[in-house]
Amino acid sequence: MSDHDQASARWQQEGHSALSNAEQAWKAAETARLADSEAKWKENTAQALTDQASAAKVERELRSRRRDAVAAGEKVAGRVAELV
């Protein structure tokens, strides 16, 4: 095998090796990026669910207070009617 053929074979092997290493590095980076994105998505989803649950609780409390206010207003109106 001539020097030129040996050099060509070596460069080809080095090229394949570099391509393989780059592909492995890219896959590792993409795996990490995907894991990070998934973690952020889970965190955002959990926060959204917590916010939604809190909003629902506040809405229930407001409805309860409105009912209490209406009942108190009706009671006051009844007392006023008794006095008149």
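The values are calculated or read from the model by the stated rules, or taken from the named source; none is laboratory data. None of the values given here were measured: they were computed from a predicted structure. Cβ coordinates were reconstructed from backbone atoms using ideal geometry, including for glycine residues, and neighbour counts include every protein chain displayed.
A single member of Ala81, Ala77, Ala9 is modelled with pLDDT under 95, part of a helix (DSSP H, G or I) and surrounded by fewer than 10 Cβ atoms within 10 Å (Cβ to Cβ), and it is Ala81. At pLDDT below 95, surrounded by 10 or more Cβ atoms within 10 Å (Cβ to Cβ), in a helix (DSSP H, G or I) and hydrophobic (A, V, I, L, M, F, W, C) - does that describe any residue in region 26-48? No, the conditions are met nowhere in region 26-48.
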